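Read through the structure below, which is laid out as structure tokens, and then see the notes.
The values are calculated or read from the model by the stated rules, or taken from the named source; none is laboratory data. Only a predicted model underlies this, so the values are computations on that prediction, with no experimental measurement involved. All Cβ positions, even for glycine, are placed from backbone atoms using ideal geometry, and neighbour counts span all protein chains on display.
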Amino acid sequence: METLVAVRNKTISFIYRNLLKRFFFLLNPEKLHDRMVLAGRLLGSNPVGRWLTGLMFNYQNQMLTQNLAGINFKNPIGLAAGFDKEAFLPGILPKVGFGFEEAGSITALAFSGNPGKWLWRLPKEKALRVNYGLKNSGAENIHNRLKGRKFDFVLGVSIAKTNSEQTSHVEAGAEDYFKSYKIFQDVGDYFTVNISCPNTCEPSPIFAQAENLDVLLAKLFSIPKTKPVFVKLSPDLAEDQLNGILALGNKYPVDGFICTNLTKVNRFNHEGKGGFSGKAVEELSNQMIAKVYKYYGGKKIIIGCGGVFSAEDAYKKIKLGASLVQLITGMIFQGPQLISEINQGLVKLLQADGYKNISEAIGQGIK
Ligand SMILES: Cc1cc2nc3c(=O)[nH]c(=O)nc-3n(C[C@H](O)[C@H](O)[C@H](O)COP(=O)(O)O)c2cc1C
């Protein structure tokens, strides 16, 4: 079975790199993205589409299963926030091989996106430049479509502050997050509080300042907590800023941190607005995973995110302290079989190191 899966993945990878990607990369990236989401939505809406997708991409192995914060994960690879902004894809993503997804980021009010272009491919750099600015149709709309539906899949809901000057003050901003937080109490398995979008109307994310985040977390935890809560960090935080945020992780019942969002650091001289993903963020993300892991001595859950293009990249994050790993850019550059390739590759890496389950490897690369 393992050999069959490996051959299947290699075949799809070959077709993707030599045929499909060449064609896809000629198309406008934003339009292609919308079409991919539409295709995923259609495939996920019927049993034949789901079965066929599973046949092409699925892979399961007991060594990859974990229970974290009361949630059962079939494998540690998740789709990061920003691909499925409207939560259209929980029907199909488990068949693509994902262990979980994070939908959003979702904001209290709808936002049609920043003016101008939103997405650029940087193939040489294995990165994307992104400037959507939290485009989404608003918490109530998205919630209305999802409520009452059951998915056999872990669904995280990423909430952010509406991208508007009206919510640029701390009290109004915290109130804005709180609206989405209340609306989504009965949908999804965990929350992520995204305090790190680099593309909003503020010069820098206001809730990345510890004193402001303190106000926000006090507001969110003023009502009984119903599910795990993660905070998503920017890779560009200064040391003291990061320490201020992590101290709040001890004051409030935050379950863990996502390391990291897009970086503003433009190491490619690629002029224009937006944040960078992929290999532009990988090293920063890895450094932050290690810092957060050391800070809490492994007591908080870390989701590693940024520049994962292979099983080795994912394993590096796990060895540095991540329990789970998310990606977007790697899948766009390598193809959708990447998820299965990473999961199968992780099993081999775990076996080579003598581990029986992925949980045994977490943080083992930290001295
Ligand atoms: C097109 C795109 C849109 C994104 N939108 C969001 C978002 O709405 N919320 C968020 O928390 N992160 C967003 N991100 C950041 C990703 O979740 C992730 O943190 C980052 O891309 C690094 O992972 P990667 O290198 O695997 O892409 C976005 C990334 C991309 C590529």
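Summary table below
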quantity	calculated
Count - residues of the range 54-101 that are within 14 Å of Val37 (Cα to Cα) and not hydrophobic (A, V, I, L, M, F, W, C)	7
Candidates Phe333, Phe309 - the one that is touching a Phe, Trp or Tyr at 6+ places or on another chain (Cβ under 7 Å), within 16 Å of the ligand (Cβ to nearest atom), outside any helix (DSSP H, G or I) and under 23 Å from Phe14 (Cα atoms)	Phe309
From the options Asp236, Asp240, residue that is among the acidic types (Asp, Glu) and under 18 Å from Thr200 (Cα atoms)	Asp236
Single condition Thr107 does not satisfy, out of (1) in contact with a Gly (Cβ under 6 Å, 6 or more places away or on another chain); (2) buried (at least 24 other Cβ atoms within 10 Å of the Cβ)	(1)
Meets criteria (within 12 Å of the ligand (Cβ to nearest atom) and at pLDDT 95 or above) for Lys317	yes
Pairs with Cβ under 8 Å, 6+ apart, first in the range 204-223 and under 17 Å from Glu175 (Cβ atoms), second assigned to a loop (DSSP other than H, G, I, E, B) and among the aliphatic types (A, V, I, L, M)	Pro205/Ile195; Phe207/Ile195; Leu213/Ile195; Leu216/Ile195; Leu217/Val254
Strands (runs of 3 or more DSSP E) wholly inside the range 160-277 containing at least 3 residues that are modelled with pLDDT of 95 or more and basic (Lys, Arg)	none
Asn114 being in a strand (DSSP E or B) and touching a residue at least 12 places away in the same chain (Cβ under 8 Å)	no
Pair list, Cβ under 7 Å, 6 or more apart: the range 272-297 residue basic (Lys, Arg), other residue within 8 Å of the ligand (Cβ to nearest atom)	Lys279/Ala127; Lys279/Gly307
